[in-house]
Amino acid sequence: MNVFVFINILVSMNRTILLDKRPVGKPELSDFRFIEEEKPSLKDGQILLKLKFVSVDPYLRGRMSDAKSYVPPFELGKPVSSGVVAEVVESKNDKFSKGDFVSGMLAWKELQASDGKGLIKVDPKIAPLSAYLGILGMTGLTAHLGLSEIGKPKSGETIVVSGAAGAVGTVVGQIGKILGLKVIGIAGTDEKVELLTTEFGFDAAINYNTTKNMAQAIAEATPNGVDIYFDNVGGEISDGVLANINKFARVVVCGAISLYNATSIPMGPRVEPLLIKNSVLMQGFIVSNYSDKFSDSIQQLATWLSEGKLTNSETVVDGFEHIPKAFISLFDGKNTGKLVVKM
Ligand SMILES: NC(=O)c1ccc[n+]([C@@H]2O[C@H](COP(=O)([O-])OP(=O)(O)OC[C@H]3O[C@@H](n4cnc5c(N)ncnc54)[C@H](OP(=O)(O)O)[C@@H]3O)[C@@H](O)[C@H]2O)c1
């Protein structure tokens, strides 16, 4: 083979990450497979997209199993997909120009062709590109809409946030402070606990890994009880919080990461008498339930961000080849704020 042809093939190689096996318990690197494909050629109406940032999120774990859910499972032997920001590098579509940046759900593929449907243009002059995957994207919306629509916060109330140092949790806590709540966070390390109270303005924080009696620790941190519980983790941490729940409290069931890798669901306390006795509302939700409110919510988040009332926190991992490892690290608590992979 001519050396120039060989170099050209190498340059146009396109790495793709497939789901090779359905994880059992915690996902492993061997559940994913890397392949190399040729660079796609464009048809009329299509754009060629190059990944810039990839969002790794706990909910992807659910899509890797074949259990029935609100989104179809990933297919074995097919590319994994998630929220991404990509650059338009070629365009045969009037709506997009070379150099535009877009966000949307795309495959873990360095280069891919798209007809542009479902993609939103994003502007790096307004916010860093990665922010469109976090505070100005799905996790920011989840925090804001979960808290406002279900939590219905009133100034002076007390909120407890689990998974507090993560993408959703850091935003919930900060919005809580903007709205005049007393905010208590729960996270997995002393460093995160320190950050919550210094960087993010939480009133107090608890390290669940070093706390023997969560119910007692919550009681000590919330002398007036818990009016809102924004739950990102479920399991034993939630049992401790619910033991301190107030009359007419709202429990926002956003996530249950402590159970996502469980091969059998552990038995917890029966909460029904507690909910009845205290007239508590406990509601699960999927952020897309509130899609009609996305535009207003993003505007509000962007305003708070520009006013310096919200701090954007990210953990950035470098390199396409590290996407699976970054995803798995969510279950080890390696991130603070939104975990994104930069190409
Ligand atoms: N309902 C929706 O529409 C919606 C949308 C987005 C996200 N979510 C859910 O919201 C939750 C947070 O998502 P995120 O994107 O913000 O993730 P994240 O909090 O940024 O990252 C996950 C964090 O979870 C904690 N964690 C991991 N395993 C845990 C365990 N066994 N027990 C307790 N904590 C554990 C870790 O922090 P520590 O160091 O503190 O352990 C880790 O950093 C997830 O459950 C996710 O599925 C729901």
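Tabulated data
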quantity: Cβ-Cβ under 8 Å pairs, at least 6 apart or on other chains, region 214-237 side under 17 Å from Val253 (Cβ atoms), far side among the hydroxyl-bearing types (Ser, Thr, Tyr) and more than 9 Å from the ligand (Cβ to nearest atom); calculated: Val226/Thr158; Asp227/Thr158; Ile228/Thr158; Tyr229/Ser238; Asp231/Ser238
quantity: Residue selected from region 250-279 under the condition within 11 Å of the ligand (Cβ to nearest atom) and in a loop (DSSP other than H, G, I, E, B), by the criterion surrounded by the most Cβ atoms within 10 Å (Cβ to Cβ); calculated: Cys254
quantity: Filter result (away from the ligand (no atom under 16 Å from the Cβ) and outside any helix (DSSP H, G or I)) within region 282-309; calculated: Glu307, Gly308, Lys309
quantity: Residues of region 49-73 satisfying the condition of being more than 16 Å from the ligand (Cβ to nearest atom) and in contact with a strand residue (DSSP E or B) (Cβ under 9 Å, 6 or more places away or on another chain); calculated: Leu49, Lys50, Leu51, Lys52
quantity: Segments classed as helices (runs of 4 or more DSSP H), wholly inside region 138-245, with at least 1 members that are more than 10 Å from the ligand (Cβ to nearest atom) and farther than 18 Å from Ile286 by Cα; calculated: 167-178, 190-198, 214-221, 235-242
quantity: Candidates Leu119, Leu76, filtered to the one that is closer than 26 Å to Glu38 by Cα, modelled with pLDDT of 95 or more, crowded, with 18+ Cβ neighbours inside 10 Å and more than 15 Å from the ligand (Cβ to nearest atom); calculated: Leu119
quantity: Lone qualifier among Val89, Val84 - being assigned to a strand (DSSP E or B), within 16 Å of the ligand (Cβ to nearest atom) and touching a residue at least 24 places away in the same chain (Cβ under 8 Å); calculated: Val84
quantity: Cross-chain or 6+ apart pairs with Cβ under 7 Å, region 51-62 first and closer than 21 Å to Lys21 by Cβ and part of a helix (DSSP H, G or I), then more than 9 Å from the ligand (Cβ to nearest atom) and among the polar types (S, T, N, Q); calculated: Leu60/Ser82; Gly62/Ser69
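Table: residues versus (1) under 19 Å from Tyr132 (Cα atoms); (2) more than 16 Å from the chain's Cα centre (by Cα); (3) not basic (Lys, Arg).
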| position | (1), (2), (3) |
| --- | --- |
| Leu281 | no, yes, yes |
| Asp296 | yes, yes, yes |
| Leu305 | yes, yes, yes |
| Glu321 | no, yes, yes |
| Ile328 | no, no, yes |
| Thr336 | yes, no, yes |
| Val341 | yes, no, yes |
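The values are calculated or read from the model by the stated rules, or taken from the named source; none is laboratory data. A quick note: this is a predicted structure, and the numbers were derived from the prediction, not measured. Glycine gets a Cβ as well: all are built from the backbone with ideal geometry, and neighbour counts include every protein chain shown.
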